[in-house]
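One structure below.
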Amino acid sequence: MKDSYTVVVMSSSGGPVRQHSVSREMLIFFCSIGFLILVMLGTSIYLTINAASRLTSSNQEKKTQVLTIEKLSNKIQDQEMQIRFHETKWDEVRGMVKTVKHVLGLENTGVLGQGGSSIIETGQANQDPFSSAPDALDADSQNVTPGSSTPPPISETPEVIPELKAEVRIVYDAVLGSLSELEQMPFVLPLRLSSSTRKSYWYSSGFGYRIHPITKSRHFHSGLDVATRLGTPVISAAHGVITKVQRSRSGLGNTIRIKHPVTQMETIYGHLQKFAKGIQKGKKIARGEVIGYVGSSGSSTGTHLHYGVYVNGKAVNPRNYIVEKIYY
């Protein structure tokens, strides 16, 4: 007889007693089924937890990748800003060097293809930054720290430094050798203009033959008429000495003549409304110093400044000397 197990079920209320016989094989079968169910349930829970863990890890990796992409994007934007910054600075330096070359008559000494700048402190103005520190520009271009006002140089910067140094060296040497001549070269517009009034003037009559506005006859105009607002300050276009201060109701009216002996040039300022305080013959004057005010004195049909430039006593076109966009 096969082994069997009897399960007795008794009621506490005195009800009938029930008996259930289960064979050993059947009990083992049900226990096996229960065990399999537990194993399957445990496996399912494990797989679910493992999948959730992998999903969490994958999401974390994606977040990390997104952050990395954002950092790379920001870095690219920073590099683009740095490139635009340096391109702007190169253009500014090219423009400045071109202007100085024009003033010194050095337009044919080379073309500034690329450039940068080196700041010379006031106390070092008489020192040669090239001989004392030949690699100063190269060192400076690599010592810009993060967070500073100037972005670090782009990778191409060291390649343009030698050419820049050669170009600036030409200008530097020429400026040192021609400083006195440069001071007495009338290359600025002889008007004191603020940033808001720099567009308030125009050349109403140029140098050369024209029809006289009063006599209506053809004559040679030996200067440049600059029309602007009444009372606009008139400045000396260069360092020099006042050789004539004349008040008149005819011709050029109230006139100032300034001699620039180093360059053998003279400048004339006519039709002035009045002279500045302290202006007199023999007074030394500096470029940018106010000498009078725009008016319409003498033979004039409107408010303007008659500006004349003479070289060795011969009238020349003032516009050949005026460097545009340089204001005092």
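The values are calculated or read from the model by the stated rules, or taken from the named source; none is laboratory data. Keep in mind that this is a model prediction, so the values were computed, not measured. A quick note on method: Cβ atoms are made from the backbone with ideal geometry, for glycine too, and the neighbour counts reach across all protein chains shown.
Listed values, structure above:
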item	result
Strands (runs of 3 or more DSSP E) wholly inside the range 224-328 that include at least 1 residues being at pLDDT 95 or above and among the aromatic types (Phe, Trp, Tyr)	265-275, 290-294, 304-311
Residue satisfying all of: in the range 76-108; at pLDDT below 75 and exposed (fewer than 13 other Cβ atoms within 10 Å of the Cβ); nearest to Pro186 (Cα to Cα) among these	Gly105
Subset of the range 17-75 that is assigned to a strand (DSSP E or B) and either of a type in the set (Gly, Ala, Ser) or modelled with pLDDT of 85 or more (or both) - its residue that is farthest from Ser4 (Cα to Cα)	Ser21
Filtered residues of the range 13-34 (kept if of a type in the set (Val, Ile, Thr) and surrounded by 10 or more Cβ atoms within 10 Å (Cβ to Cβ))	Val22, Ile28, Ile33
Any hit, the range 277-288, residues being aliphatic (A, V, I, L, M), in contact (Cβ under 8 Å) with a residue 24 or more places away in the chain and either out of contact with any Gly (no Cβ under 9 Å at 6 or more places or on another chain) or closer than 19 Å to Ile214 by Cα (or both)	no
Residues being of a type in the set (S, T, N, Q) and touching a residue at least 40 places away in the same chain (Cβ under 8 Å) - total across the range 206-232	3
Which listed residue is of a type in the set (Gly, Ala, Ser), closer than 26 Å to Val97 by Cα, without any contact (Cβ under 8 Å) to a residue 60 or more places away in the chain and outside the structural domain of Glu289 (by TED's automatic domain parsing), from Ser195, Ser236	Ser195
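Residue-wise test of (1) surrounded by 17 or more Cβ atoms within 10 Å (Cβ to Cβ); (2) of a type in the set (S, T, N, Q).
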| site | (1), (2) |
| --- | --- |
| His239 | yes, no |
| Ile242 | yes, no |
| Arg247 | no, no |
| Asn254 | yes, yes |
| Ile258 | yes, no |
| Tyr269 | yes, no |
| Lys277 | no, no |
| Ile285 | yes, no |
| Ile291 | yes, no |
